[in-house]
1. Name the single residue, out of those in segment 1-21 being among the small types (Gly, Ala, Ser) and in contact with a helix residue (DSSP H, G or I) (Cβ under 8 Å, 6 or more places away or on another chain), that is nearest to Gln34 (Cα to Cα).
2. Output the qualifying pairs, or none if there are none: Cβ atoms under 6 angstrom, residues six or more apart or on different chains, first residue in segment 8-36 and open to solvent by 60 Å² or more (accessible area, probe 1.4 Å), second residue assigned to a helix (DSSP H, G or I) and not basic (Lys, Arg).
Amino acid sequence: MTMKHRIQQAVGSAREKAGEVTGNRRLEASGRTQRRTAQLRSTASDVGRRARRVAREAQVRLRGNRPADPR
């Protein structure tokens, strides 16, 4: 999870709580949307990072521990 995603989740949570406290359903909904979007993007980023790592490990296994082509 990047710092950007953490900040967006915190801001979204704050907006959601502010909406709950004030009874502003629009603010609450926009905060919930912001928080969930940040969570989704964070998860997508993590999945991509893990997929790249698995691909690199597979390349190393296929090449017999030789270094990857620098291209």
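The values are calculated or read from the model by the stated rules, or taken from the named source; none is laboratory data. All figures in this text were calculated on a predicted structure; none of them were measured in a lab. Positions of Cβ are generated from backbone atoms using ideal geometry, with glycine treated the same way; all protein chains shown enter the neighbour counts. Just the protein is used for accessible areas: all its heavy atoms, side chains included, with ligands, DNA and RNA removed. Shrake-Rupley method; radii C 1.70, N 1.55, O 1.52, S 1.80 Å.
1. Restricting attention to segment 1-21, the residues satisfying the condition of being among the small types (Gly, Ala, Ser) are 10, 12-14, 18-19.
From the residues that got through so far, the ones that are in contact with a helix residue (DSSP H, G or I) (Cβ under 8 Å, 6 or more places away or on another chain) too are 12-14, 18-19.
Values: Gly12: 5, Ser13: 8, Ala14: 10, Ala18: 13, Gly19: 13 Å.
Across segment 1-21, the extreme among qualifying residues is Gly12.
2. Close Cβ pairs satisfying both conditions: Gln8/Ala38; Arg15/Leu27; Arg15/Gly31; Glu20/Glu28; Arg32/Glu16.
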